[in-house]
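J.: Take a look at this one; I'll ask things after.
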Amino acid sequence: MEDVRTIDHPRRGKRSTRGLDREASELAERQHGVVARSQLLGVGFSARAIEGRLERGILHAVHRGVYAVGHRLLGMDARWMAAVLACGPSAALSHRSAARLWGLWRGSGTPPIEVTRAKGWRAPAGLSVHRASLPDDERTVVDGIPVTSMPRTIFDLAAVGPKRQVERALNEAEVLGLTDRLSVPDLLERYPGRRGSVVLRGLLGDDEVVRGVTRNDFEELFVSLVDSYGLPRPRFNADVAVGGRFFSADCLWAEERLIVELDGRAVHGTARAFEADRERDRLLLAEGWRVMRVTWRQLRDEGAAIAGDVRAGLLCGA
């Protein structure tokens, strides 16, 4: 039988079936237990050998041309990997499925797995396939699974999910400390008319109300808030020396060792800006300073809460 003989492969010469099975198993281990037919053919399997293993239950069909090796029970990672393999080498997990993989969304139920590939085709059962070209800077690999980058995932999520879901994804990205060379605003500039752009611009503070706001506008609104709630005025754009380095603080109360920053756009900014802000915050905290970050939208819509937080911060430092 084929399992104890050798297979003559045109490029690899004679291969023992035991060696081929070991290679298939090692490949499956790197891919959450699943392999593609094209991959098996690439390592030396013949079409007959694949069919024989399907008949004997060594391989189990998941999608057309994608198999689980030695088992039928698939976890979520295996299902995601199988979906990507079924959609071809240019495919990537995307939209809500990518958001789950990144940890940006914890939706309920079992919606179809979403994958993006360059050319449209008839999707396998249980999959939702989106047609789009993905440049190299919009795709990556997470836990061995090809997936859209974090910013591209949020960008796609805005096209299919409710606003609240997108907002939570942005917040989770900040909590998890996820950064990328390409930012969500970069994608909005790259694809200005895509579905979901309006939702994202609003969440990022780029709607008609926020667009065109200057730094002076920001400071004037904060001064108005401070005066309205009877808080002491801070020093604006004040230098702070920490560990032999100087930083500029937007709003500073020196005696109370409190700083309020009036930008707070770590999620939507570049990876470099995110890292620099976090380094500065860490150094300031080590020296006994407390830093609050406030966005224009929060200052405009949640003034009472911001004033309460500042007051509590001042009392803690008094």
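J.: From the list 80, 105, pick out the single residue that is in contact with an Asp or Glu (Cβ under 8 Å, 6 or more places away or on another chain), surrounded by 15 or more Cβ atoms within 10 Å (Cβ to Cβ) and within 26 Å of residue 133 (Cβ to Cβ).
T.: 105
J.: Just checking, how many residues over region 60-75 are in contact (Cβ under 8 Å) with a residue 24 or more places away in the chain and either under 21 Å from residue 87 (Cα atoms) or surrounded by 19 or more Cβ atoms within 10 Å (Cβ to Cβ) (or both)?
T.: Qualifying residue count for the region: 10.
J.: Going through region 20-55 one residue at a time, which ones are surrounded by 18 or more Cβ atoms within 10 Å (Cβ to Cβ), over 36 Å from the mean Cα position of the chain (by Cα) and not in a helix (DSSP H, G or I)?
T.: 44, 45
J.: Shifting gears a bit: How many residues does region 128-146 hold that are assigned to a strand (DSSP E or B), surrounded by fewer than 21 Cβ atoms within 10 Å (Cβ to Cβ) and out of contact with any Pro (no Cβ under 6 Å at 6 or more places or on another chain)?
T.: Qualifying residue count for the region: 6.
J.: From 110, 116, grab the single residue that is within 21 Å of residue 180 (Cα to Cα) and β-branched (Val, Ile, Thr).
T.: 116
J.: Also, quick follow-up: Which of (1) within 21 Å of residue 194 (Cα to Cα); (2) buried (at least 22 other Cβ atoms within 10 Å of the Cβ) is the odd one out, the single condition residue 113 does not satisfy?
T.: Of (1) within 21 Å of residue 194 (Cα to Cα); (2) buried (at least 22 other Cβ atoms within 10 Å of the Cβ), only one is false for residue 113: (1).
J.: Another one. Just to be sure before I move on: is residue 85 over 21 Å from residue 37 (Cβ atoms), surrounded by 23 or more Cβ atoms within 10 Å (Cβ to Cβ) and of a type in the set (A, V, I, L, M) in the structure I sent?
T.: no
J.: Those residues that are outside any helix (DSSP H, G or I) and among the charged types (D, E, K, R), I need them from region 147-187; list them, please.
T.: Quick first cut of region 147-187, residues outside any helix (DSSP H, G or I) only: 147-149, 161-162, 176-183.
180, 181 - these are the residues of region 147-187 that are outside any helix (DSSP H, G or I) and among the charged types (D, E, K, R).
J.: Next question. For residue 175, all conditions in the list (1) modelled with pLDDT under 85; (2) hydrophobic (A, V, I, L, M, F, W, C); (3) buried (at least 19 other Cβ atoms within 10 Å of the Cβ) hold save one; what is the number of the exception?
T.: Every listed condition holds for residue 175 apart from (3).
J.: Being closer than 26 Å to residue 66 by Cα and of a type outside the set (A, V, I, L, M, F, W, C) is the requirement here; does residue 131 meet it?
T.: yes
The values are calculated or read from the model by the stated rules, or taken from the named source; none is laboratory data. On a predicted model such as this, the values are computed, not experimentally measured, just so you know. All Cβ positions, glycine included, derive from the backbone under ideal geometry; neighbour counts span all protein chains shown.
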